[in-house]
1. If packing is taken as the average number of other Cβ atoms within 10 Å across a peptide's residues, how do 17-27, 62-72 rank, most packed first?
2. With labels modelled as points extended 7 Å from the Cα through the Cβ direction, what inter-label distance (nm, one decimal) is found for ILE43 paired with ILE63?
3. So how much slack lies between GLU31 and THR15, counting 0.36 nm per residue of separation and subtracting their Cα-Cα distance, in nm?
4. Any chance you could tell me what percent of the C-alpha pair distances in the range 24-83 go past 12 Å?
Amino acid sequence: MLASNLSEDDELLPTWQSLTGYRVLDTDQGELGTIIHVDETTINTLITLSDGRLIPIHEDFIINIEPDKQLLTICLPFICTIQ
């Protein structure tokens with residue numbers, strides 16, 4: 001679904017970096033925030049949301065990508081709150 005290295009045939013596939021600015025909607029938790037940064041330097045790709053939360057992201061979590069609405073719908077296998 002997401003392309004890490006785009007070729008001519010794959011130029012329409014989104015990259016992780018291209019999701020910066022997208023709103024994130026979780027199927028269970030609702031709207032989580034806006035992606036302000038994508039970090040691909042770790043084993044797991046991490047997205048940073050506008051409130052500072054880091055979320056590991058994987059293609060398996062993605063339900064839908066709507067480029068026209070800049071909306072990423074996901075289903076996270078876990079939600080943890082650290083207080």
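A short reminder: the numbers here are calculations on the coordinates, not readings from a lab. Remember, predicted model here, so these are calculated numbers, not experimental data. So basically every Cβ, Gly included, is an ideal-geometry build from the backbone, and we count neighbours across all protein chains shown.
1. Answer by packing, highest mean first, reads 17-27, 62-72.
2. Placing both labels 7 Å beyond Cα along the Cβ direction yields 2.9 nm.
3. 3.6 nm
4. Roughly 68 percent, once rounded to a whole number.
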